[in-house]
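Here the structure is laid out as structure tokens; the discussion comes afterwards.
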Amino acid sequence: MKISYAFFKSRKRKAKEEVVDVPFPCSESSSSCLFINHQFESSSYGFLALLVTGIMGLFKVRTLCFSLLLAFKICIAVDQLVGQLYPGFQASQMQWEEHDGRFLVSKNKIFGFGFYTTLDAQSYVLVIIHLQTCQVVWTANRGGLLVDKSDKFVFDNNGNVYLERGDGVAWATNTTGERATSLELLDSGNLVLHGGNRRTLWQSFSYPTDTLLSGQEFVEGMRLKSFPKGNTSDYLEFQSGDLVLYAGFQTPQTYWSLSGEMQKTEKNFTSKVYSAVLVSNSWSFYDNNKKLIWQFNFSQNSDMNVTWTAKLGAGGAIIFYNLHQRGRAIAEAKKIPQNPCNIPETCAPFMVCSFDAECQCPKPLATQNDCSSPIPSTSTCNSTDLLYIGQKLDYSVLQFVKPNMSSSLDVCKKACLGNCSCTALFFENSTGNCFLFDRVGGLKRAKWNSRGFVSFMKVSRNENGWQSHAKGGSRNDGTRVIFVVIIATATVLVIAGLLYVGLYYYRRKKRLLESAEEKLEDDNFLETFPGMPVRYTYRELCKATKNFSKKVGQGGFGSVYQGEMPDGTQLAVKKLESIGQGKKEFRAEVRIIGSIHHVHLVKLKGFCSEDVHRLLVYEFMGKRSLDKWIFKNNEESSNLDWNTRFNIALGTAKGLAYLHEECEFKIVHCDIKPENVLLDDNFNAKVSDFGLAKLMSQEESLVYTTLRGTRGYLAPEWITNNPISEKSDVYSYGMVLFEIIGGRRSYDPDEIPEKAHLPSFAFKMLEEGNLKEILDPKLDINENDETFVSAVKVALWCIQEEMRLRPPMTKVVQMLEGHCDVPQPPISSVPGVRAYSGFLKWSSDKGTTSGPTEYNSDSWLSNDRLSGPR
């Protein structure tokens, strides 16, 4: 245990600090004393501390801890405090910087309490934050005085809790003299100040900022205030038995009410609402007798363990978040109000909102001054005019205010011109209602079954060409004359030139838009897939791979580099080095591998899609690829015994079986070969490199596609341009299985002609009963070993020329595991010769038989890669 004593000669000098190790344990009931760092502000305290150190062995542990707390008053814990803290506690952001300023966490570490950085990074606010999603749910000094890193949070002995700012106070509970005993942060997110007998003196749930939590009661007298958008905030509060949202203009403007929402479903609803609570997936509203009168269901997720928040966002809408999602808060689709055009601040003043927050400029504003809307000051009240904005318009505030008068349009216009504070008017022709406003936000289109309102805005007369558009806002005569003269005097060359320039810019703009859409699609397509892997920045991957210095392999359309994250995790980073087709492969790998998980498939841990950089981050496979271990030119091949090789073959088969039959879509790998079978530190096989994968629905049995894969592993149907299926992967697997057994390539021109083509030689040796000849000479096993014989037979079945004779991968797994017998393969069906059609069918696939072809030429048997380096 360490206790630090600070001796202060004066307040202006820095404290001299001495560290004393006190070697005694704490009892189980005194775990809060395990790490104590006391700071004292006078030399007398330091003397007393040394005295206590000398007699420490004479006291029991509980007595010692109690004495320290009473004598020194200030206890600063190295670790975050859990649950509650007590009078005498002080903390600053500087002291808790290593914990991101948070010094108190709830019992189950769901919420944290402490300092939080503001936008300028040098000032701080005191907040309650949800630790998993980092969403702030309450702020002490928001909108008030910000503090710096040396200012302190204080829980004094007089019962008051406050936040210092220099010589003043930025926030306080104002509970001086209430004999507070503790300050507790609950797992509900409520910060509670307790008095004697745990009486509640103050709680954060009674002073919400912009967020409500599950179980938090919102009642009359409380108010939510949004983060300012520009100079304006929005508010939620109870007014006369109704819950309303309003814009905080100089004259507040209501744009949503609960009574209006309820009357959409219950037209005769007249009850008063006095409180609201988030209960499960609904917002429940109660009368003054706590009787439930209405519910707003905002989610289909009814899990009672989920913590929900209702946040009044800067856009003016109440958004509901699920805090139990991994890593970030997820906003529900339902919000209040649902239509953003019902919020005045969605669009700039006098802009018209339509089609879900698309802001359009009214033609009169666009004609006069490029959509700007200068509002005259009161000093120019006598030299103003009204500019016609349009008709069939609406303003969401109008349904919540009473008209200023009922009259004609001319009288309404005169009233606005005679009122210096009036900046806009709305007139309803059907009723004669006239509405005058000192400020307005964005407008919206009237409903299809409504005539809407005629709207005017006040402008300075003749300022920069502005004038009255009461008659429709047509251009002045001078502009028309100039326009007519230009048209009349234009020559054929000028017209032709204009047409040419217009056509040129039109085509250029079209190309730019197509390019921008393509780029946007490339950058954002990953966001549309739920549960995708981690997205890394290019800088993070450069640092992890030491600027891509350690190359460990060559993958599809790029190289593979070894990397290491700061926590020591080993990674394999695949860097796409071509953008054209490489983008396509990047999409395929992320979309497919990111959505499937299997012990015998390489796990995609993350990706990078930043500017032109496209990178894939895989789990690192310590033993690299299978080809490094089985072929003659590799020394490692001597280390793999038959059991290890057999388990690798079985694991590869299980991975392919999962892709073919257990995914939502049937996935044909298209490029099975030893280079794409990776081994972990325990030689477990994992299939990798899905850049060439082909998706098929579970109902499809055959599909046409472009030639892809690697020569030497391609099924016959690839060469004859016949449709392929998952049976094409079975053929490739059979060739790989032969290479595992023989420890060589399936075609080796250095061998004698009889042995050059391994599958043909295997057929012959099976017929002669001499399978030992095809086995890797480095392996020492009995030629009658059941697993060895089964593996040879399975490989021969997999490379049958006719697709329908090849077993599905699930059957391959069963045969290798010994769950079923392996029939004798057709002896005459060597590659290049059609198998007899009367032999056993492995599945009910109705595949067509490919025509005769020669597969034994050198070009067919070579291992050239058709798809580029893999």
Karplus-derived 3J(HN,Hα), 6.51/-1.76/1.60, for each residue of region 386-396, Hz, glycine and proline x:
10, 9, 5, 9, x, 10, 6, 10, 8, 9, 4
Considering the Cα positions of region 82-207, please state its Rg to one decimal place and its Dmax as a whole number of Å.
13.5, 42
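Of Lys543/Lys605; Lys628/Lys673; Lys229/Lys264; Lys543/Lys575; Lys229/Lys392, which sit over 19 Å apart, Cα to Cα?
As for pairs spanning more than 19 Å Cα to Cα, those are Lys229/Lys264; Lys229/Lys392.
Based on the Cβ-Cβ distance of Ser206 and Ser406, what FRET efficiency does E = 1/(1 + (r/R0)^6) give at R0 = 51 Å, to the nearest 0.05? Mind dumping the intermediate values first?
Working: r = 44 Å, r/R0 = 0.87.
Efficiency computed from Cβ-Cβ geometry: 0.70.
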Kindly state, to the nearest 0.05, the FRET efficiency for Ala490 paired with Asp438, given R0 = 60 Å and r defined as their beta-carbon distance.
0.80
Full extension between Glu619 and His598 adds, at 0.36 nm per residue less the Cα distance, a length in nm of 6.3 nm
For region 288-349, what number results from the quotient of the Cα radius of gyration and 2.2 N^0.38 Å?
1.35
In the neighborhood of Gly452, defined by Cβ-to-Cβ distances under 9 Å, what is the net charge if each Lys or Arg adds +1 and each Asp or Glu adds -1?
+2
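Can you list the equivalent-ellipsoid semi-axes of region 197-356, largest first and in whole Å, using the square root of 5 times each Cα gyration tensor eigenvalue? Before the final figure, lay out each step's value.
Working: eigenvalues 120, 76, 64 Å².
Those come to 24, 19, 18 Å.
None of the figures in this text is laboratory data; all of them are computed from the coordinates on show. Please read these numbers as outputs of a predicted model, since none were measured by experiment. Here Cβ is always computed from backbone atoms with ideal geometry, including for glycine, and neighbour counts include all displayed protein chains.
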